[in-house]
Amino acid sequence: MRITKENLAKLEEYYKGYLEGDKLDEFFRDFEIRFAAGHWAAGDFLDRFATKGYWPELDSSIEAQMERVAKAGIEGIEFHNTVFLDEKLKVNEDIVTRVKELLEKYKLKPTTMNINMFTDPRWKLGSVTHPKREVRERALEVLLEAVDLAKRIGCEVVSFWPGQDGWDYNFEVNYGKQFEWFLEACREAAKRCKELGLKFGVEAKLKEPKEGNMIIPTTHLAGWIAYTINKELGGQVMGVTIDYGHEQMYAVEPAFTVYVLHKMGVPISNIHINTAKLHSNDEDRVFGTGDIWRFVDYLYATIDVGYDGWYTEDQFTYRMDPVKGMRLSKEIFGNLMKKALAIYAHKDELEEARESADQAKVIDVVKRYILTF
């Protein structure tokens, strides 16, 4: 992100009022805000209630999804590695070639390669922590091959959300063994990323699809893993992907998480934006439709620690046209980011209020930017 005295000064005059259309795009360019969408946000959506999908007439091919991301006015796109794999988990070179052509055609930037080992039933008892050695070894192969694939496509980050690693019942797994298997997989992936000049991050989540617990339930634990592996490898290769909705699931303060990682020296590899209620499931609704104070506080934290990566829509707008949903998230995100930047422009005033130990004084500093700016 590009933050200068000049562009901060423009906030309260030139960018005053609600931003949309060309003015919104100009704001993103002016501050060099890197904004993306996961390709999955642009297709049909299924859940356990609507098993035929909510938009069955919609073309959900990767070609159609990429076109919709571009149509929504979004600069970057995240992929799942499975987009490029056949049923035997082998890379389909035709798809690789086609996606590269479409990236150029739609002027989209590939940002992150996400590891999808959660939709295929072969991983239902775990991927890199599966109780059977042969399955764990195959999962590690898929993980490392995805790193190579990320390099070929031009992504900056490899992100691993271990969606099927965890447990549903007490006593189901040996927790110590499972955790060690996961650490070893992360270690190998981080090594490969280091060799290829890529960032590697792990995305935490409390539960779902595993209903007891997932192997990495909190971002703070993911941060410890990254800290430990970076210490072993001698560099900041591994970080974490923060998913806003996942933070909401266990009701941590997302802004606090950002500062904790920063103090640990653990990089934020990627940020997924969406909306979920506190202590709810991973709803992945349009960003900014929840508690605006918490959203702005979170965005302020990412500015304050110098985060320079992508903000990516990870959303499932089940009953909403996906292009409209992606546009809305970008628009609301931009307007909330504007509020966070305006507060950051008055950081000295905010810190002075904090040091006064007067809660009302702190609220007085930020209230107008959050509620009327």
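Only the coordinates and a few stated rules stand behind these numbers; no lab work does. Bear in mind that the values here come from a model prediction, so they are computed numbers and not experimental data. Here the Cβ positions follow ideal geometry from the backbone for every residue, glycine too, while neighbour counts run over all protein chains shown.
Results, tabulated for the structure shown:
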quantity: Percentage relative contact order, the chain, counting C-alpha pairs under 8 Å, at least six apart; calculated: 17
quantity: Gained length - Val91 relative to Tyr18, 0.36 nm times residue gap less alpha-carbon distance; calculated: 21.8 nm
quantity: ³J(HN,Hα), Karplus 6.51/-1.76/1.60, whole Hz, each residue of the range 82-97, x for Gly, Pro; calculated: 5, 4, 9, 10, 8, 5, 9, 6, 9, 5, 8, 5, 5, 5, 4, 4
quantity: Using alpha-carbon coordinates, inclination of helix 292-304 to the longest axis of the chain, degrees; calculated: 80
quantity: D (Stokes-Einstein, µm²/s), Kirkwood Cα radius, the range 5-371, 1.567 mPa s at 4 °C; calculated: 61
quantity: Built amide H within the under 5 Å cut-off of Lys109, gap 5+; calculated: Gly76, Ile77
quantity: Per-residue HN-Hα couplings for the range 102-109 [Karplus 6.51, -1.76, 1.60; θ = phi - 60°; Hz; x = Gly/Pro]; calculated: 6, 4, 6, 4, 9, 6, 9, 9
quantity: Dimensionless Rg/Rh of the range 191-332 - Kirkwood Rh, Rg from C-alpha atoms; calculated: 0.98
quantity: Antiparallel content of DSSP bridges confined to the chain, in %, to 5; calculated: 10
quantity: Value of [θ]222 nm, deg cm²/dmol, for the chain, DSSP H segments ≥ 4, -39500 (n - 2.57) each, nearest 500; calculated: -14500 deg cm²/dmol
quantity: Folded to 0 to 90 degrees: helix 21-31 orientation relative to the chain principal axis, Cα; calculated: 80
quantity: In sequence order, calculated HN-Hα J values of the range 305-314 (Karplus, 6.51, -1.76, 1.60; Hz; x Gly/Pro); calculated: 8, x, 4, 10, x, 8, 9, 10, 5, 10
quantity: Tensor-based shape of the range 12-82 (alpha-carbon gyration tensor, a/c under 1.5 rounded, otherwise prolate or oblate); calculated: prolate
quantity: Cubic angstrom per residue, convex hull over Cα atoms of the range 44-128; calculated: 119
quantity: Peptide ranges 80-89, 193-202, 252-261, 168-177 listed from the most packed, as the mean C-beta count within 10 angstrom indicates; calculated: 193-202, 252-261, 80-89, 168-177
quantity: Crossing angle, helix 133-153 versus the chain [Cα axis fit, 0-90 degrees, rounded to tens]; calculated: 50
